[in-house]
Amino acid sequence: MYGGIPEDEYSAVSELVSAGAHVSFNYMYDFVHGKVFVIDNETVILGSINPTYYGFEHDLGIDLVINNASIARVFAQVILSDYYNETVSQVGYPGIVVSPINSAKYLGALLNQPGTLYVAFEELYPSSGFYGLIQQHSERVVLVGEHSENDYAVGKLGAVMIPGLTAKAIVVGNYVYVGSINLDYTSLHQNRELGIIIQNPVVADEVRNTILQWYHEYSSTQKGQIGGITQSLVTMLLLIVTLLLLLYIVRSTIRPRRRRR
């Protein structure tokens, strides 16, 4: 295990060490942001879900469970290199996405694939350099987290803000990306991030349906809120007009008549 935690949670490290875990802190990147478990060098669990109460019970995240020893060993090698603060310059397995090594290249190529695009990212900022690739998909569903920096994505890409969204996922056709990498410069080029791109129609359908479910739930909520606000404004305007009309009538009634000369 390796990574970074707030100082007030160092007691958790002591508990892990007491339980037999080997803990190391990596100082080579701005953030160690990957979320990957390798089990018995045969199974990989990876994605955006943090192993915390909020990560499991409240956040909207996506993880994949992959039973593939070859993939498991590649992720284990990256984790061990980071554990010992050793530099990893390349990843030899196609589709395994690692920031800052190849994530910009892999995700850019995926976004350049033709077809309807489904995207869910906690952070989708202009600094990623990917807005143009997303805009070339005339048919797209784009979800972003509830952060002010995502206002650009709402305005430029038609994104819908989703409270509690932590997912990082792309679906185009039968291609799927799931991981920890956000679409911003820091995540692509300065953090240690881990993800994977696979071609699998079943997984693509599952992730696509999840994104669409969130989209329909929260877009309808937002429309309902906007409709409610609009109705309230109309009611307020009618009241103001009515009051002004009543004032006019009252003033006209009590105004003294001019004498004839």
Give segment 39-88 a look and list any residue that's at pLDDT below 95, within 30 Å of LEU143 (Cβ to Cβ) and of a type in the set (Ser, Thr, Tyr), or say none. THR52, TYR53, TYR54
Could you look through segment 74-108, keep only residues that are among the aromatic types (Phe, Trp, Tyr) and crowded, with 20+ Cβ neighbours inside 10 Å, and pick out the one that is farthest from VAL23 (Cα to Cα)? TYR106
In the set SER252, SER220, which member is loosely packed, with under 10 Cβ neighbours inside 10 Å, in a helix (DSSP H, G or I) and modelled with pLDDT under 75? SER252
State yes or no: is VAL98 more than 21 Å from MET161 (Cα to Cα) and part of a strand (DSSP E or B)? yes
Within segment 148-191, can you find the residues that are surrounded by 23 or more Cβ atoms within 10 Å (Cβ to Cβ) and assigned to a loop (DSSP other than H, G, I, E, B)? ALA159, THR166, ALA167, SER180, ILE181, ASN182
Kindly list, by first and then second residue, each pair from a residue in segment 114-143 that is on the phi > 0 side of the Ramachandran plot to a residue that is of a type in the set (Ser, Thr, Tyr) and modelled with pLDDT of 95 or more, limited to pairs with Cβ atoms under 8 Å and residues at least 6 apart or on different chains. GLY129/TYR185
Against the condition modelled with pLDDT of 85 or more and either of a type in the set (Asp, Glu) or surrounded by 16 or more Cβ atoms within 10 Å (Cβ to Cβ) (or both), how does VAL17 come out, does it pass? no
What's the number of the condition TYR53 fails, among (1) farther than 25 Å from ILE162 by Cβ; (2) out of contact with any strand residue (DSSP E or B) (no Cβ under 8 Å at 6 or more places or on another chain); (3) exposed (fewer than 14 other Cβ atoms within 10 Å of the Cβ)? (1)
Quick one: which residue in LEU194, LEU212, LEU124 is more than 18 Å from TYR106 (Cβ to Cβ) and surrounded by 14 or more Cβ atoms within 10 Å (Cβ to Cβ)? LEU212
So, of the residues in segment 192-213 that are in a helix (DSSP H, G or I) and either modelled with pLDDT under 95 or of a type outside the set (A, V, I, L, M, F, W, C) (or both), which turns out to be farthest from HIS58 (Cα to Cα)? PRO201
With the structure loaded, tell me whether GLU42 is in contact with a strand residue (DSSP E or B) (Cβ under 9 Å, 6 or more places away or on another chain) and without any contact (Cβ under 8 Å) to a residue 40 or more places away in the chain or whether it fails that test. yes
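The values are calculated or read from the model by the stated rules, or taken from the named source; none is laboratory data. Fair warning: this is a prediction, and the values are worked out from it, not measured in the lab. Every residue, glycine as well, gets a Cβ built from its backbone with ideal geometry; the counts of neighbours run over all protein chains shown.
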